[in-house]
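See below for the structure under consideration.
Read-outs throughout are calculated quantities, based only on the coordinates presented, and are distinct from any laboratory measurement. The shown structure was predicted, so the numbers you read here are calculated from the model rather than taken from an experiment. Backbone-built Cβ (ideal geometry, glycine too); neighbour counts: all protein chains shown.
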Amino acid sequence: MQDHVTTHQAQEDSRNEDILIYLNGRIVPKAQAVVSVYDSGFMLGDGIWEGLRLYDGTWAFLSDHFDRLFEAAKAIDLDIGMTREALISGLLETQKANGMTTDAHARLMITRGPKTRPFQHPSLSQSGPTIAIIMEHSRPNMPRPIRLATVPHLRGLPMTQDPKLNSHSKLNCILACIAAEKAGADEGLMLDINGFVNTTNACNFFIVRKGEVWTSTGDYCMNGITRQKVIDLCHTNDIPCFERNYSLVDTYGADEAFLTGTFGAQTPVATIDGRQIGTGEMGPVTEKLRGLYKDLIAKECA
């Protein structure tokens with residue numbers, strides 16, 4: 001079997017040993033970037049996060065990412081305690097402190113903060129949120145298209161844990177990833193509650209059939225920013241694109257399949273449940289969309 005790869009696989013970069021990390025208003029060495037065992041994020045997964053990529057000095061789609069972050073904070077009733085402008089300043093200060101200009105990835109994390117006692121109730125978080133920004137030199141390194149395996153874990157209903165939330169509580173997705181690895185794949189393909197193809201454990205999912213791009217309805221998946229950019233690019237470049245319910249039968253018969261995410265942009269899929277998709281390599285529609293997305297990034301970061 002080929003070596004395992006992930007959709008977040010990056011080239012090794014020794015500079016990441018000496019990165020500086022933003023933690024609660026201070027920028028500190030990696031070894032000093034620690035939080036309490038009483039932190040609600042550590043204890044309960046009570047928090048939200050965003051991942052951003054730096055291209056040529058600009059954080060791509062910054063406004064979209066911060067819109068999503070503040071909407072998520074409101075949804076879980078978490079007071080960030082900083083204005084949008086102050087939080088963006090923290091991101092830029094961390095970038096400057098690390099001397100990063102391009103090919104960097106930031107993970108911005110906000111939890112409800114340390115608890116006074118090790119129990120669930122949010123009122124026990126009384127000292128304000130924990131805010132951290134991990135910023136790494138990061139260039140994607142995908143040696144081959146990835147393999148998917150359908151897993152039994154579902155992306156659930158909004159009243160259980162809304163899959164649109166970028167929350168710290170990722171155990172469902174981690175178990176899906178483990179199941180896929182046990183099946184000899186790289187990532188898990190997750191269905192929705194009705195059995196329709198939905199998303200993977202870490203990325204949004206698309207197929208191409210007879211020149212048409214299909215993705216899920218969006219009801220049960222992360223409201224991915226790269227996902228939406230791809231949908232928009234299809235509409236503005238006369239590529240038929242549909243957000244719809246479709247099955248594994250539709251998926252196995254697809255000409256192409258690819259994933260979208262902030263880190264990997266568009267990642268081609270070789271096989272699903274042992275079935276080769278198309279040629280098993282990046283298809284022409286995926287390649288076209290990758291080029292259009294690259295142009296969009298260049299325009300965004302000009």
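Taking every DSSP beta bridge that has both residues in the chain, what percent is antiparallel when rounded to the nearest 5?
Roughly 85 percent of the beta bridges in the chain run antiparallel, per DSSP.
Return R290, R275, R227 ranked ascending by Cβ neighbour count within 10 Å, so the fewest neighbours appear first.
The most exposed by this proxy come first: R275, R290, R227.
Can you pull the three principal axis extents for the Cα set of the chain, in Å, largest first?
Principal axes ranked by extent give 55, 42, 39 Å for the Cα atoms.
Please return the longest stretch of the chain lacking exposed loop sites, where GluC sites (Glu not before Pro) count only if DSSP places them in a loop and at most 16 other Cβ atoms lie within 10 Å.
Longest gap between qualifying sites, sites excluded: 13-280.
Taking 35 Å as R0, compute the FRET efficiency from the Cβ-Cβ separation of E212 and D56 and round it to 0.05.
E(calc), rounded to 0.05, equals 0.60.
Straight-line reach from K164: which aspartates and glutamates have Cα under 16 Å away, leaving out those fewer than 8 places along the same chain?
D46, E50, D64, D67, E71, D77, D192, D219, E243
Please arrange R112, R68 by counting, for each residue, the other beta carbons lying within 10 Å of its beta carbon, fewest first.
Ordered by Cβ neighbours within 10 Å, fewest first: R68, R112.
Each residue of the range 159-167 in turn: what ³J(HN,Hα) in whole Hz from Karplus with 6.51, -1.76, 1.60 and θ = phi - 60°, glycine and Pro shown as x?
Once rounded to whole Hz, the list reads 7, 8, 9, 4, x, 6, 7, 7, 9.
Quick one: Cα centre-to-centre distance for the range 92-126 and the range 205-264, in angstrom?
Using only Cα atoms to place each centre, the spacing works out to 31 Å.
Mind giving me the FRET efficiency for K288 and D67? R0 is 25 Å, r the Cβ-Cβ distance, nearest 0.05 is fine.
So, using R0 = 25 Å, E works out to roughly 0.35.
If one puts a single equal scatterer on every Cα of the range 14-137 and applies the Debye formula without solvent, what log₁₀ I(q)/I(0) results at q = 0.10, 0.21 Å⁻¹?
Values returned for q = 0.10, 0.21 Å⁻¹ are -0.31, -1.21.
How long are the semi-axes of the equivalent ellipsoid of the range 146-300, defined as square roots of 5 times the Cα gyration tensor eigenvalues? Whole Å, largest first.
23, 18, 14
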